[in-house]
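Q: Quick one: structure below, then a few questions.
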Amino acid sequence: MIKYKKVYDKEERYLAYWMKGQESFAFNRKKRVVVKIGSSSLIHEETGNLNLTKVEYLVRELCDMRNRGMDVCLVSSGAIAVGRQSIGLRERPKDISLKQACAAVGQARLMMTYQKIFSEYNQVAGQILMTKNTMINPVSRENAKNTFEELFGLGVIPIVNENDTVSTYEMQFGDNDTISAIVSSLIGADLLILLSDIDGLYTDDPRTNLNAEFVRVIEKLESSVYDMAKHTTGSDAGTGGMATKLTAAKIATFSGADMVIANGKDVRILHHMLDDTFTGTVFLADKKENFRIADFIMETIG
Ligand code: GLU
């Protein structure tokens, strides 16, 4: 098990500590939070239909974060999964054109559902769809950044997804773990939460190795951490495995945000995070002054 110790930021403030025997990451002091939810956390496993109870809980949690005074951004998958269901496809689509068709239907349905529930809490939400070009092209990157800033200034919660209907292989990020980290970097978020269908990082694949141990905190992304990650996701709905989560961790932590991987089976885990009573793996911010997100995309994902 990785040994835990106190961690400070540049101003010598505690970032994480033990208080009265309880671990705290002081997430409730964060100013700008990105929450990513995967398709498998949003749909009923048995039927593939949208899990409305979960969407409701998620929206309530996000509104409550806003009520605490945080800027909140949601990165939501589900366009393809919801579209596939609406169209009546039994299998997960493999062809890019079929995925795009599903996304065209599903993204609109997903947003309709989000808009409806957010408005019940008097919260306005907006949609931002991105492709790799949005980030690589300096003009569109700046425009996207300005749009996010404007939305936060207006108290709106942006809901982000990849623009699946127009992205082809060359323009595709492919998974929303990466997109959520890129968004965190772009908007200068100080916390990224990946709600997934796994509890967090284990020292090995817990389904095949009974001795695999849960990892609570990662202070630095060393090679031993990459060894722990396995290319498994455990569901057939989303696309991100542990490897994509570690890429996300690199982008987020190098840009100055803490990142958490936690299980989205009960999305109320979000307020437990702010109260420090949750299970999940925390990657502590490790800001690198020379980290440039556009360069990283070109070199690594491009
Ligand atoms: N953008 C895809 C969708 O909304 C999902 C990608 C992912 O789950 O990582 O369906």
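The values are calculated or read from the model by the stated rules, or taken from the named source; none is laboratory data. Source: prediction; values computed, not measured. So basically every Cβ, Gly included, is an ideal-geometry build from the backbone, and we count neighbours across all protein chains shown. We work out accessible area using only protein heavy atoms, side chains counted, and drop any ligands, DNA or RNA first. Shrake-Rupley method; radii C 1.70, N 1.55, O 1.52, S 1.80 Å.
Q: Looking only at region 116-150, filter to residues that are in contact (Cβ under 8 Å) with a residue 24 or more places away in the chain, open to solvent by 30 Å² or more (accessible area, probe 1.4 Å) and among the hydrophobic types (A, V, I, L, M, F, W, C); which one of those is nearest to the ligand (Cβ to nearest atom)?
A: The extreme case among them is LEU129.
Q: Shifting gears a bit: Determine whether LEU50 is aliphatic (A, V, I, L, M), at pLDDT 60 or above and touching a His at 6+ places or on another chain (Cβ under 8 Å).
A: Values: aliphatic (A, V, I, L, M): yes; at pLDDT 60 or above: yes; touching a His at 6+ places or on another chain (Cβ under 8 Å): yes.
When the stated conditions are applied, LEU50 passes them.
Q: Moving on to the next point. Can you tell me which of (1) more than 20 Å from LYS245 (Cα to Cα); (2) surrounded by 18 or more Cβ atoms within 10 Å (Cβ to Cβ); (3) more than 10 Å from the ligand (Cβ to nearest atom); (4) among the small types (Gly, Ala, Ser) is the one GLY153 doesn't meet?
A: (2)
Q: Report yes if some residue within region 41-50 is more than 16 Å from the ligand (Cβ to nearest atom), under 26 Å from ILE251 (Cα atoms) and open to solvent by 50 Å² or more (accessible area, probe 1.4 Å); otherwise report no.
A: No, region 41-50 contains no residue that is more than 16 Å from the ligand (Cβ to nearest atom), under 26 Å from ILE251 (Cα atoms) and open to solvent by 50 Å² or more (accessible area, probe 1.4 Å).
Q: A further question follows. Considering only region 11-40, state which residues are modelled with pLDDT under 55 and either surrounded by 23 or more Cβ atoms within 10 Å (Cβ to Cβ) or of a type in the set (Gly, Ala, Ser) (or both).
A: ALA16, GLY21, listed by residue number.
Q: Shifting gears a bit: Name the residue that is farthest from the ligand (Cβ to nearest atom), counting only residues in region 162-183 that are more than 9 Å from the chain's Cα centre (by Cα) and among the small types (Gly, Ala, Ser).
A: Ranking the candidates gives SER167 first.
Q: Being open to solvent by less than 50 Å² (accessible area, probe 1.4 Å) and either modelled with pLDDT under 80 or part of a loop (DSSP other than H, G, I, E, B) (or both) is the requirement here; does GLY234 meet it?
A: no
Q: Exactly one condition in (1) open to solvent by 20 Å² or more (accessible area, probe 1.4 Å); (2) within 30 Å of ILE43 (Cα to Cα); (3) of a type in the set (S, T, N, Q) is false for THR281; which is it?
A: If we test THR281 against (1) open to solvent by 20 Å² or more (accessible area, probe 1.4 Å); (2) within 30 Å of ILE43 (Cα to Cα); (3) of a type in the set (S, T, N, Q), just (1) comes out false.
Q: Give the residue, chosen from LEU201, LEU246, LEU195, that is modelled with pLDDT of 95 or more, among the hydrophobic types (A, V, I, L, M, F, W, C) and closer than 17 Å to ASP177 by Cα. Even if it seems obvious, please write down each step before you answer.
A: Working: LEU201 fails: modelled with pLDDT of 95 or more; LEU246 fails: modelled with pLDDT of 95 or more.
It is LEU195.
Q: Inspect region 209-221 for any residue being open to solvent by less than 50 Å² (accessible area, probe 1.4 Å) and within 16 Å of the ligand (Cβ to nearest atom) and give the result as yes or no.
A: For region 209-221, residues open to solvent by less than 50 Å² (accessible area, probe 1.4 Å) and within 16 Å of the ligand (Cβ to nearest atom): absent.
Q: Which residues, taken from region 70-115, are touching a residue at least 12 places away in the same chain (Cβ under 8 Å), in a loop (DSSP other than H, G, I, E, B) and either over 22 Å from MET171 (Cβ atoms) or within 8 Å of the ligand (Cβ to nearest atom) (or both)?
A: Answer for region 70-115, where residues must be touching a residue at least 12 places away in the same chain (Cβ under 8 Å), in a loop (DSSP other than H, G, I, E, B) and either over 22 Å from MET171 (Cβ atoms) or within 8 Å of the ligand (Cβ to nearest atom) (or both): MET70, SER77, GLY78, LEU89.
Q: Turning to a different aspect of this structure: For the list (1) touching a strand residue (DSSP E or B) at 6+ places or on another chain (Cβ under 8 Å); (2) in contact (Cβ under 8 Å) with a residue 24 or more places away in the chain, I need the number of the one condition that ALA212 fails.
A: (2)
Q: Confirm whether ARG109 is basic (Lys, Arg) and under 22 Å from ILE269 (Cα atoms).
A: no
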